[in-house]
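The values are calculated or read from the model by the stated rules, or taken from the named source; none is laboratory data. The model shown is predicted, which means the values in this text are computed figures rather than measured ones. What goes into the accessible areas is simple: the full protein's heavy atoms, side chains included, and nothing from ligands, DNA or RNA. Shrake-Rupley method; radii C 1.70, N 1.55, O 1.52, S 1.80 Å.
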Amino acid sequence: MQTDFEKIENKRVESLFATFLLLVRMGDIDSARFTLNRSLLKSTVKHYLQDLQALKARYGIEKFVQPQKAAGLSAAAVMRFKPILPKNGGDEDLFESEANEIFAIFHGLCLCSEQSDGKINLQAIQSLAAKPEFHEWLSNFRFLLKFRNYSAESLVMIFDTLAHFAK
């Protein structure tokens, strides 16, 4: 019998893997150049779970956290461990790649749009992406993740704000 902790761990591994596959299918990540590293994925999820426990303790959350909180913690963990790696270790354009930033943001959007049946509402994400302000928001968010300082909780606030105002 799985504990709640193990269920959350498995769910997060599955959601990250599914997000990677979706980004590959949509053409946002080139699977000929990049792969999702299993070991770094496990480290990402373990770090996420540690942050999740700390957040629950800090704010007295007994059950489930809001999706936007999970999104921010997950994005921070992805950016800490960067589980998407180039297949070619000598890839000279590696620094130019934003594969992990795109992965972190899109996974967060997927978490925020998760429905009660556990499925992702891709139409909600597409609707958000169709807004004229979205591309500037996405560009600014990628820049923040790649070049600036942030905390897991500041990323939670970004997804929280988005969840409240992007309806």
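Listed options for Rg and Dmax of the Cα atoms in Å are [x] 20.9, 74; [y] 14.9, 44; [z] 15.5, 47. The value calculated from this structure is the one marked [z]. Between the C-alpha center of segment 64-139 and that of segment 2-58 there is a gap of 11 Å. Partners of Lys69 within straight-line reach, counting aspartates and glutamates whose Cα lies under 20 Å from its Cα and excluding those fewer than 8 residues away in the same chain: Asp4, Glu6, Glu9, Glu14, Asp51, Glu101, Glu114, Asp117, Glu153, Asp160. For Lys87, the aspartates and glutamates whose Cα falls under 14 Å of its own Cα, not counting residues fewer than eight places away in the same chain, are Asp30. Taking a straight line from the alpha carbon of Lys63, these lysines sit under 18 Å away, with near neighbours fewer than eight places off in the same chain left out: Lys7, Lys11. Can you bin segment 13-83 into rounded, prolate or oblate? Criterion: square roots of the alpha carbon gyration tensor eigenvalues sorted a ≥ b ≥ c, rounded for a/c under 1.5, prolate for a/b above b/c, oblate for the rest. Taking the square roots of the gyration eigenvalues as a ≥ b ≥ c, segment 13-83 is prolate.
Solvent-accessible area assigned to carbon and sulfur over segment 1-142 amounts to 51 percent, based on a 1.4 Å probe.
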